[in-house]
């Protein structure tokens, strides 16, 4: 070893010892007679001291060193006169008597500090320097802890870590596959897995009973901010279980990880149906750190939905009379919002991302009076009814959107989150975990005029909806309510960190699913015969879940939803690695060998 | 849960309890009045009993079930009259009162038994059934344990598991890269990593200090038996270390894994230089479970090598006089080999895989007389000298090959292993671990007339050979002895399970390496600028190792060198997954999107 200790472990107890340390020059201060160097490694910072009086030559040498030089220093641990009690090593310093430059460094293109002066692209190009900064380094060290806690939980619950192949078969469904040309089989391609879905099901057919894997997956999507073409999944599956068993098992996992990594004891997770999530929060992953539910203010124009609480129609306000849905949220204590604040909110909801036509409001003033943006049509008694329906009290502000139901609920959901943020209701120190259950099995795609699997085509319909499911035809029945599935998502503070389902384990049912999704018999055979065959040889009932590991880490470690800071070497928003400059052109010879010319 | 217990846990202690079990029908026996079913899951086998007298209907139902049906049985745990003490559940049986068929099964194409009747290809096609067999299932369960033991060791030694990218840049060196066309960057490709080598070095530059990862890697090689295009590596790196630190750390890892998985305490590992391995064993990964060293019987024609023990030249036997090397091994107790046995051995060494011209021998008979295949040229005194040189005693057989040095040593090495196997010296219950050290940095490739990196181009020359290294030119100096490297392999029973080196951490030295390997400045810049840049910003001294995880598992679990049985879904020898039928053609549309048309 080139060192006897790390830069994070020496304390007053070591005073008097001669030690060797290695690390990077973080800061140096030349005070004339004395020179101080902060030597940094992954474990901490230790102060080195050089004295002109006692060792002029060495001190002069120390003065010449630049930031990020790699040093090896030998010297004696000594109690400091001016102690720094903020760091564990702050009571001591090293009086250096031997100094070795292990490597020099050019001046880094940005400062290696918690708050750096480097822009995003620059830091991506020099990622290896950005990773020297404490916040990023800590993210990765904590990610390691999350992974360890996950594995410990699975190990103690009888799960087996089985590695599944990366070179599989292209079965595009949902996102596009990345493919790999085969040199030994010219014209043919492997596909990289979007998830190990079919393999974990085959492992259940094999009798592995409980499986997990922390595994890289690949999706060739049109990139959006904070999506990565490669990402890591915690993939799990269990045999002989029902939905409740799966929820209990993985709720236990998330709790244990929070406990081990953050020291937090989470309470029992909330549960909500998909239907309620959409109705009350306008989204399938509600942030339930705060209430502010969406209130239906119109009896729906379509039949059979809503709560029938008619309070806005028939007053001659055409927008509300004609809208499929009029809905409101109540912003507590915001009755005193100014004209300017309301105008800003109106602009906000009219942005294309939200797409509302306008914003209605009712101020329920502190003195009990009511004032709305549509006073022309409504008397105070009518406004009071709306306020009651919205659970508003004196001092509150009701914000109202109207339009087509799905779009309006979504917009209200977004507005709710925005108001939650504005009002400080999305507390960084609070974790609210939620199971969203009873997802629809299918959703109708207007553009392609066909059914799509909401989760994936291996999800089982609920027993009570089996007849409905079996009655569906591909490309038809758009007006039928989709059958429900034993499918569930796990949501933390409005961020979906995982999802799963009870699977189909019966060949005929699986064939019916492919049929409903519009696959021909030939396509089904060509792409999925292996799993259909497997179902003929004693497939057990099974179900599971997959967590987005990058996102789970980002939530657990810092309660934030930004995965790039939790991945060692991420791609940028165009899917490029700017450090490597990849993807890149390859040799003509290589292309030819691969049969690509 | 569909069950209250697994099929492996009920014992006499549970007698009287009503239980629910799920599993597969392994065997059934219809004895007229009674029917017995062995119900199997991953955890074991439990006997179910059906009685015509007490429940005729249920018994008749049970009689109709086929092999591998998935069942759920409810009943009472009862002490057996005829106990099977070979299995933990053998003292009890379940008197079933409710039976549910969870899934049916076609008759499997081969028997699900320890010794099956299915051929290789058939079992590969139905891998999910093959994995139901105990030997394969145990391999994967044990593999999980090996992985866990590895992680525990690293965790307790301060290593951080950091995930490195799969989409990297094509830098062909050694094997070919697999590549992935980028749809968003038409005409450009990602490459899949042959190993995370450069990334783990960048992590050292970042200051992560100790890194590990169990990670999939990819090599597009012309496939040989028991090679896989994708394989798993235990990848490790440490900063501020010298070779000895690395050897100690990873010797500790291997020992701990053997202890935890096999309960074996291994002694301190042997060490051997590459030069000695080649000289005495004819191979860089000697199986040292047995001695049988190669003896030099000729003073070498080339200068400076060998031990000068001239005993075969100058006797008028032209083959030995002209051979660059004459070498022998001593097969203990084989003096009585018959003509037929010797002929077979001769045929064996003349096979193209070995390529020897012929086989000489000396029988050192039990009565002390000597008899050779070249008696015409050698008197008994001369034979005795050879015998002495070969450490042969009365009763032994000396086998002799002659020819060009490298080829002959290799052939002798192979013959040694063959004789070791024949003589039962390669004990399945014995583990001999060996570090082979002081590998050459480079080897000259006659075909391409240039230097190749023996390990990889990031390996550092030994300090004492630095001047020699700096004097080398690309495509020249073939006659120079290659500089030595701080490179090491770990060998268990003749199987290389890992290898590593101390790395270059200096930009100029790395540039000199690329130059010696024949890369132009432009190629170096285009392919490796990221790592050369990183070396300019304070790269610490560092080194590491990588283990072939598949092979390590195969050695630890069963002391065999056959990785395919330790991978859940392997490819066949042509790189095909015959279960998926992959690689396969992809849609024209997909090709077009990827810019491949």
| query | Looking only at the range A:498-522, which residues are at pLDDT below 95 and assigned to a loop (DSSP other than H, G, I, E, B)? | reply | A:517, A:518, A:519, A:520
| field | Among (1) within 27 Å of residue A:212 (Cα to Cα); (2) touching a residue at least 40 places away in the same chain (Cβ under 8 Å); (3) not in a helix (DSSP H, G or I), the one test that residue B:114 misses | value | (2)
| Out of A:493, A:572, sole residue that is surrounded by fewer than 23 Cβ atoms within 10 Å (Cβ to Cβ) and within 14 Å of chain B (Cβ to nearest Cβ) | A:572
| query | How about the range B:362-395: which of its residues are surrounded by 21 or more Cβ atoms within 10 Å (Cβ to Cβ) and more than 12 Å from residue B:295 (Cβ to Cβ)? | reply | B:363, B:364, B:370, B:378, B:383
| Among (1) surrounded by 21 or more Cβ atoms within 10 Å (Cβ to Cβ); (2) within 14 Å of chain A (Cβ to nearest Cβ); (3) more than 24 Å from residue A:506 (Cβ to Cβ), which single condition is residue B:70 missing? | (3)
| field | Residue in the range B:230-252 that is closer than 23 Å to residue A:592 by Cα and modelled with pLDDT of 95 or more present | value | yes
| query | If you take the residues in the range B:111-139 that are more than 10 Å from chain A (Cβ to nearest Cβ) and in contact with a helix residue (DSSP H, G or I) (Cβ under 6 Å, 6 or more places away or on another chain), which one is farthest from residue B:258 (Cα to Cα)? | reply | B:123
| message | With at pLDDT below 95 and in contact with a strand residue (DSSP E or B) (Cβ under 7 Å, 6 or more places away or on another chain) as the only criterion, which of A:435, A:451 stands out? | response | A:451
| query | Does the range B:120-130 contain at least one residue that is in contact (Cβ under 8 Å) with a residue 12 or more places away in the chain and touching a strand residue (DSSP E or B) at 6+ places or on another chain (Cβ under 7 Å)? | reply | yes
| query | Which residue out of B:555, B:579 is outside any loop (DSSP other than H, G, I, E, B), in contact (Cβ under 8 Å) with a residue 24 or more places away in the chain and under 28 Å from residue B:119 (Cβ atoms)? | reply | B:555
| Does at least one position in the range B:82-102 carry a residue that is under 30 Å from residue A:148 (Cβ atoms), out of contact with any helix residue (DSSP H, G or I) (no Cβ under 8 Å at 6 or more places or on another chain) and either surrounded by fewer than 17 Cβ atoms within 10 Å (Cβ to Cβ) or at pLDDT 95 or above (or both)? | no
| request: Determine, yes or no, whether residue A:290 is closer than 23 Å to residue A:547 by Cβ, modelled with pLDDT of 95 or more and in contact with a helix residue (DSSP H, G or I) (Cβ under 7 Å, 6 or more places away or on another chain). | output: no
| remark: How many residues of the range A:183-193 are within 18 Å of residue B:593 (Cα to Cα) and in contact with a strand residue (DSSP E or B) (Cβ under 8 Å, 6 or more places away or on another chain)? The answer is 5
| said: Just to be sure before I move on: is residue A:385 more than 23 Å from residue A:283 (Cα to Cα), assigned to a helix (DSSP H, G or I) and over 35 Å from the mean Cα position of the chain (by Cα) in the structure I sent? | reply: yes
| remark: Residue hits (the range B:532-549; within 9 Å of another protein chain (Cβ to nearest Cβ), within 22 Å of residue A:582 (Cβ to Cβ) and not in a strand (DSSP E or B)) are B:533, B:534, B:535, B:536, B:539
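Residues are listed down the side, and each one gets a yes or a no for (1) more than 10 Å from every other protein chain (Cβ to nearest Cβ); (2) surrounded by fewer than 21 Cβ atoms within 10 Å (Cβ to Cβ); (3) within 25 Å of residue B:233 (Cα to Cα):
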residue: B:498; (1), (2), (3): yes, no, yes
residue: B:503; (1), (2), (3): yes, no, yes
residue: B:506; (1), (2), (3): no, yes, no
residue: B:511; (1), (2), (3): yes, yes, no
residue: B:557; (1), (2), (3): yes, yes, yes
residue: B:577; (1), (2), (3): no, no, yes
residue: B:580; (1), (2), (3): no, no, yes
| request: Tell me which of these residue A:471 doesn't satisfy, since it passes every other one: (1) away from chain B (no Cβ under 14 Å); (2) under 27 Å from residue A:240 (Cα atoms). | output: (2)
| request: Could you tell me whether the range B:457-468 includes any residue that is surrounded by fewer than 16 Cβ atoms within 10 Å (Cβ to Cβ) and not in a helix (DSSP H, G or I)? | output: no
| message | With the requirement that a residue be at the interface with chain B (Cβ under 9 Å from one of its Cβ atoms), modelled with pLDDT under 95, within 25 Å of the chain's Cα centre (by Cα) and assigned to a loop (DSSP other than H, G, I, E, B), what does the range A:140-188 give you? | response | A:172, A:177
| Looking at (1) over 30 Å from residue A:430 (Cα atoms); (2) modelled with pLDDT of 95 or more, which is the only condition residue A:476 fails? | (2)
| Residues of the range B:517-531 classified as facing chain A (nearest Cβ under 9 Å) and without any contact (Cβ under 8 Å) to a residue 40 or more places away in the chain, total | 2
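The values are calculated or read from the model by the stated rules, or taken from the named source; none is laboratory data. Remember, predicted model here, so these are calculated numbers, not experimental data. Neighbour counts are summed over all protein chains in view; Cβ atoms, including those assigned to glycine, are modelled from backbone coordinates with ideal geometry.
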